[in-house]
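*Asks:* Quick one: structure below, then a few questions.
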Amino acid sequence: MNEHLALPTSAPELESVRIALLTNFIPPYRVPLFRELQGRLGEFRVLISTPMEKDRSWQPEWAGLTVTVQRTVTITRHHAHPHGFAERTPLHIPYDTLWRLRSMSPDVVIAGELGFRTVQALVYCRWLALRTKLIVWATLSEVTELARGKIRRLIRAHVMPRADAVLVNGASGQRYVQAFGVSKQRIFIAPYTTEMTAFQTVSLERASECRRRLLYCGQLIERKGLHPFVATLSEWAVRNSDRRVELWFVGDGPLRSGLEHLPTPPNLVLRFVGNVPYEQLATFYEQVGVLVFPTLADEWGLVVNEALAAGVPVLGSLYSQAVEELVRYGENGWTFRPDRAEELSSALDHALTLPELEFEAMRARARRSVEHLTPAFAAGRILDAVRFVLTDSPTAVSLP
C-alpha cells in the first residue's frame with residue numbers, strides 16, 4: 001500500500017472545515033468511520049439517496065451523524081460481467097444535489113459512485129462555488145469495472161482528471177484511476193475498515209471440531225462464486241472421505257434454495273444460518289477455522305478484515321481487492337483465482353490439511369496483520385486528501 005505525505009505551504013485547521021459526503025446509503029460498517037470524521041471536522045454532513053438498499057438486511061443506523069436523504073429517482077440496471085455472472089443493481093439519481101450543496105456551502109465535497117451525483121458535484125465545484133474542492137471516492141477495482149459501458153467510461157474520463165483528489169480502496173483501484181490520467185500524487189488510498197473491537201476480542205483458541213469448519217459470510221448471489229466453490233469442496237470431501245468438513249453460510253439471497261439442494265458427499269455438511277444482525281457476526285467467527293471468500297468480483301470485501309481480526313485465516317479469491325491487499329499465502333491465509341480450478345483446489349487442500357500447531361501460529365499472524373486497519377486509520381487517510389486539496393500549493397511524496 002502506498003502512502004501520501006502532504007507537504008503543505010498552509011495547512012488548514014480541520015476543526016473549521018465543512019465537508020459534504022455524497023453516497024448511496026450508509027452500511028453499518030461505515031458508521032464508525034463517519035463518526036470519526038465528524039469528530040475531527042467543523043461540519044460533516046452525509047447526503048444519501050436511500051435509507052437502505054432493498055437487497056440488504058441491515059437496518060438504517062445513523063445515531064450521532066448528520067444525514068440527509070435526497071430526492072432521488074432509482075432505476076434498475078443490468079450488468080453482465082466477463083467472469084460469468086450477471087446482476088441487477090439499483091442506479092440512484094439524486095436530483096437535488098446542487099440545491100443541497102448550495103444550502104450547506106461546504107469547503108470540500110466528497111462524491112462517491114462516479115455517476116450523476118458526482119457529475120453534479122463537479123458542476124458545483126467548477127461553476128457555482130469555485131473555492132469548494134472536489135474529492136472523488138472511487139470504491140472500485142480493476143476486476144469490478146471490467147466491461148463497463150462506453151457512456152460510463154466517458155463520464156469517468158471527464159470527471160476523474162478534473163477532481164482535486166481521488167480516494168481509492170487499494171492498489172488495484174489506484175491503477176484503474178491512473179489509467180484515466182489522474183496523477184499518482186492526487187490519489188489517496190483509504191481501505192475499507194470497520195470497528196474491530198468485537199472481532200479482536202474473539203479468542204484465538206479453537207476447539208478441535210472447528211478445524212475444518214469453513215465460514216462464508218455475505219449475500220448468496222452469483223457474483224460470490226459459491227456454486228463453483230461448493231463443487232470443488234465436494235470433490236475434496238470425496239477424496240478425503242475419512243475427514244468431516246463443514247461449510248456455514250451466514251447471510252441470505254436468491255441462491256440459497258439451489259445451494260440447499262446440492263448433492264454433497266456424506267462427510268460434507270452445509271449449514272445455512274441466514275441473516276444475522278451485524279453486531280452478532282463475531283460470535284460466528286469464533287466457532288470456525290477458516291473464512292472462505294470465493295468472489296468473482298468485489299471492490300473490497302470487509303469480511304476479510306473481520307475474519308483476520310478475529311484470528312480466522314482467509315481462503316480468498318484474488319478478485320477481491322481485500323484479499324489482494326491483505327492476505328499473504330501461507331502467512332494469514334491462502335489465495336486463488338476462482339476461474340483457475342487448479343488454484344482453488346490446491347489452496348483448499350492447503351487450508352484443510354495444515355497441521356494444528358501451524359494453524360495456531362497462523363491465527364495470531366492473521367490478527368496482527370490488520371491491527372492497524374481501524375476507523376481512525378481510514379479517517380486519517382481521508383483527511384490527508386482533505387488537507388491536500390485545501391492547501392494553497394500542495395505537493396506530495398509517495399512513500400513505500
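*Asks:* I'm checking my understanding of the structure. Among residues of the stretch 346-391 that are without any contact (Cβ under 8 Å) to a residue 40 or more places away in the chain and touching a Phe, Trp or Tyr at 6+ places or on another chain (Cβ under 7 Å), which one is surrounded by the fewest Cβ atoms within 10 Å (Cβ to Cβ)?
*Replies:* So, considering only residues that are without any contact (Cβ under 8 Å) to a residue 40 or more places away in the chain and touching a Phe, Trp or Tyr at 6+ places or on another chain (Cβ under 7 Å), the one surrounded by the fewest Cβ atoms within 10 Å (Cβ to Cβ) is H350.
*Asks:* May I pose another question? Please find, within the stretch 126-148, the residue that is nearest to V159 (Cα to Cα) out of those that are basic (K, R) and part of a loop (DSSP other than H, G, I, E, B). Even if it seems obvious, please write down each step before you answer.
*Replies:* Filtering the stretch 126-148 down to residues basic (K, R) leaves 126, 131, 133, 148.
Right, trim to part of a loop (DSSP other than H, G, I, E, B) and you get 131, 148.
Numbers: R131: 18, R148: 16 Å.
Here the answer is R148.
*Asks:* Now for a separate question. When both residues are 6+ apart or on different chains and their Cβ atoms are under 6 Å apart, which pairs have a first residue that lies in the stretch 50-66 and is without any contact (Cβ under 8 Å) to a residue 12 or more places away in the chain, and a second that is β-branched (V, I, T)?
*Replies:* none
*Asks:* For residues in the stretch 72-103 being assigned to a strand (DSSP E or B) and among the basic types (K, R), which is farthest from P228 (Cα to Cα)? Working first, answer last.
*Replies:* First, the residues of the stretch 72-103 that are assigned to a strand (DSSP E or B): 72-80, 86-94.
Imposing the further condition that a residue be among the basic types (K, R) reduces the set to 77, 88.
On the way: R77: 25, R88: 21 Å.
So the residue we want is R77.
Quick grid of which residues meet (1) loosely packed, with under 14 Cβ neighbours inside 10 Å; (2) over 17 Å from A20 (Cα atoms); (3) not polar (S, T, N, Q):
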| site | (1), (2), (3) |
| --- | --- |
| V73 | yes, yes, yes |
| P82 | yes, yes, yes |
| F85 | no, yes, yes |
| R88 | yes, yes, yes |
| H92 | no, yes, yes |
| T97 | no, no, no |
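*Asks:* Quick check on my filter: what residues within the stretch 334-345 are of a type outside the set (A, V, I, L, M, F, W, C) and free of Cβ contacts under 8 Å to residues at least 40 places away in the same chain?
*Replies:* Taking the stretch 334-345 and keeping what is of a type outside the set (A, V, I, L, M, F, W, C), we get 335, 337-340, 342-343, 345.
If the condition is that a residue be of a type outside the set (A, V, I, L, M, F, W, C) and free of Cβ contacts under 8 Å to residues at least 40 places away in the same chain, then T335, R337, R340, E342, E343 are the ones that fit.
*Asks:* Test A322 against the stated conditions and say whether it is in a helix (DSSP H, G or I), of a type in the set (G, A, S), under 16 Å from R213 (Cβ atoms) and modelled with pLDDT of 95 or more.
*Replies:* Considered against the rule, which asks whether it is in a helix (DSSP H, G or I), of a type in the set (G, A, S), under 16 Å from R213 (Cβ atoms) and modelled with pLDDT of 95 or more, A322 comes out as no.
Residues checked against (1) of a type outside the set (K, R); (2) over 14 Å from I382 (Cα atoms); (3) in the same structural domain as S105 (by TED's automatic domain parsing); (4) at pLDDT below 95:
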position: P28; (1), (2), (3), (4): yes, yes, yes, yes
position: L33; (1), (2), (3), (4): yes, no, yes, no
position: E36; (1), (2), (3), (4): yes, no, yes, no
position: L41; (1), (2), (3), (4): yes, no, yes, no
position: R45; (1), (2), (3), (4): no, yes, yes, no
position: I48; (1), (2), (3), (4): yes, yes, yes, no
position: P51; (1), (2), (3), (4): yes, yes, yes, yes
position: K54; (1), (2), (3), (4): no, yes, yes, yes
position: Q59; (1), (2), (3), (4): yes, yes, yes, yes
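*Asks:* Kindly establish whether A157 is among the small types (G, A, S), in a helix (DSSP H, G or I) and in the same structural domain as R381 (by TED's automatic domain parsing). Outline the logic, then answer.
*Replies:* Details: among the small types (G, A, S): yes; in a helix (DSSP H, G or I): yes; in the same structural domain as R381 (by TED's automatic domain parsing): yes.
In short, yes.
*Asks:* Anything in the stretch 67-84 that is of a type in the set (A, V, I, L, M), over 13 Å from F34 (Cβ atoms) and without any contact (Cβ under 8 Å) to a residue 60 or more places away in the chain? List them, or say none.
*Replies:* Going residue by residue through the stretch 67-84, those that are of a type in the set (A, V, I, L, M) are 67, 69, 73, 75, 80.
When the remaining residues are screened for being over 13 Å from F34 (Cβ atoms), the result is 69, 73, 75, 80.
V69, V73, I75, listed by residue number.
*Asks:* If you don't mind, another one. Would you check which residues across the stretch 45-71 are aliphatic (A, V, I, L, M), surrounded by 12 or more Cβ atoms within 10 Å (Cβ to Cβ) and part of a loop (DSSP other than H, G, I, E, B) and list them?
*Replies:* Initial filter on the stretch 45-71 (aliphatic (A, V, I, L, M)): 46-48, 52, 63, 65, 67, 69.
Keeping just the survivors that are surrounded by 12 or more Cβ atoms within 10 Å (Cβ to Cβ) gives 46-48, 52, 65, 67, 69.
Of everything in the stretch 45-71, those that are aliphatic (A, V, I, L, M), surrounded by 12 or more Cβ atoms within 10 Å (Cβ to Cβ) and part of a loop (DSSP other than H, G, I, E, B) turn out to be M52, L65.
*Asks:* Could you check, for the stretch 337-352, whether at least one of its residues is among the aliphatic types (A, V, I, L, M), modelled with pLDDT under 95 and closer than 19 Å to V202 by Cα?
*Replies:* Of all residues in the stretch 337-352, those among the aliphatic types (A, V, I, L, M) come to 341, 344, 347-348, 351-352.
Now drop any that are not modelled with pLDDT under 95, which leaves 341.
Next, only the ones that are closer than 19 Å to V202 by Cα stay: none.
Among the residues of the stretch 337-352, not one is among the aliphatic types (A, V, I, L, M), modelled with pLDDT under 95 and closer than 19 Å to V202 by Cα, which makes the answer no.
*Asks:* How about the stretch 252-301: which of its residues are part of a loop (DSSP other than H, G, I, E, B), among the aliphatic types (A, V, I, L, M) and under 22 Å from Y329 (Cα atoms)?
*Replies:* We begin by selecting, within the stretch 252-301, every residue part of a loop (DSSP other than H, G, I, E, B); these are 252-255, 261-267, 275-277, 281, 286-289, 294-297, 299-301.
Still in the running and among the aliphatic types (A, V, I, L, M): 255, 262, 276, 281, 288, 296-297.
Listed by number, the residues that qualify are V288, L296, A297.
*Asks:* Looking at the stretch 136-150, I want the residues that are hydroxyl-bearing (S, T, Y) and have a partner that is in a helix (DSSP H, G or I) with Cβ atoms under 7 Å, at least 6 apart or on another chain. Which pairs are those?
*Replies:* Note: pairs meeting the criteria are S141/S172; S141/G173; S141/Y176; S141/Q321.
*Asks:* Being β-branched (V, I, T), free of Cβ contacts under 8 Å to residues at least 60 places away in the same chain and on the phi < 0 side of the Ramachandran plot: is that true of T264 here?
*Replies:* Numbers: β-branched (V, I, T): yes; free of Cβ contacts under 8 Å to residues at least 60 places away in the same chain: yes; on the phi < 0 side of the Ramachandran plot: yes.
For T264, the condition - β-branched (V, I, T), free of Cβ contacts under 8 Å to residues at least 60 places away in the same chain and on the phi < 0 side of the Ramachandran plot - is met.
*Asks:* Filtering the stretch 155-169 down to residues that are crowded, with 24+ Cβ neighbours inside 10 Å and among the small types (G, A, S), which residue is nearest to the chain's Cα centre (by Cα)?
*Replies:* Result: A165.
The values are calculated or read from the model by the stated rules, or taken from the named source; none is laboratory data. Note that the structure is predicted; figures quoted are calculated from it, not measured. Cβ: placed from backbone, ideal geometry, glycine included. Neighbour counts: every protein chain shown.
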